[in-house]
Amino acid sequence: MAIFDKLLLAIDFSPDADQLLGRVRKLCEGHMDRVYVVHVLRGDFMLPGDLGDPVDPDRRRLRDQSQVRLTEILHRNDFSVPLENLVIRYGEPATEIKRLAHDLEADLVIVGSHSKTGGWMSLPGATTNCVLQGIESDVMAVRV
C-alpha cells in the first residue's frame, strides 16, 4: 500500500461485495484513511454526479438509504474508513468511478469484476471493462 497515496474502491450492493471488501481490507490494513469507497446509483430521474445534499425528498431518501446500506456492508466486513471517505454518486457507474478517481487524484482504483466465463477464457464484466478504458489511474480488477 505504500506506493499508493489514495485508493478508490468501487462497490455495488451485490452479495459479492462482502468478498471484495474482505480481500481489500487485507491489502489496506493500517492505511484505511487513504481509502475512499464509492457506490454509484443508476436511475432515470436524476442528473449524474454527486448526490451531496439534494433538495428533492426522493433524491434525499435514496441517498440516505444508500448511505445506510453502504455503512452496514462496510461495518459487517470490519472495513472502517472515515465517514468523509464514503461517496454516493448517481449516473453510469463506469463514468462516475472514473470521474471520482480523477477528482480525488486516486493512484489506484479497485473494482470487483463479475467475470463472464466461457470455458478457457474469462472476460471482465461490462462495468469493469468500461472503467479500464481511458482511466488515468491504475486499476485492479478483483474477480468475485
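Scan the stretch 107-132 for residues that are assigned to a loop (DSSP other than H, G, I, E, B) and either buried (at least 17 other Cβ atoms within 10 Å of the Cβ) or modelled with pLDDT of 80 or more (or both) and jot them down.
Matches in the stretch 107-132: 107, 124, 125.
Does any residue of the stretch 26-44 turn out to be surrounded by fewer than 17 Cβ atoms within 10 Å (Cβ to Cβ) and either at pLDDT below 75 or in contact with a helix residue (DSSP H, G or I) (Cβ under 6 Å, 6 or more places away or on another chain) (or both)?
Scanning the stretch 26-44 turns up at least one residue that is surrounded by fewer than 17 Cβ atoms within 10 Å (Cβ to Cβ) and either at pLDDT below 75 or in contact with a helix residue (DSSP H, G or I) (Cβ under 6 Å, 6 or more places away or on another chain) (or both).
Taking the condition in contact with a His (Cβ under 6 Å, 6 or more places away or on another chain) and at pLDDT 85 or above, does residue 135 pass?
No; evaluated as a whole, the condition is false for this residue.
What are the residue pairs meeting all of these: first residue in the stretch 82-100, first residue within 15 Å of residue 9 (Cβ to Cβ), second residue crowded, with 16+ Cβ neighbours inside 10 Å and among the basic types (Lys, Arg), Cβ atoms under 9 Å, and 6 or more apart or on different chains?
From the stretch 82-100, the pairs are 85/34; 88/63; 89/99; 96/89; 97/89; 100/89.
The values are calculated or read from the model by the stated rules, or taken from the named source; none is laboratory data. None of these values were measured; they are calculated from a predicted model. When we count neighbours, we look across all protein chains shown, and the Cβ atoms used for this are built from the backbone with ideal geometry, even at glycine.
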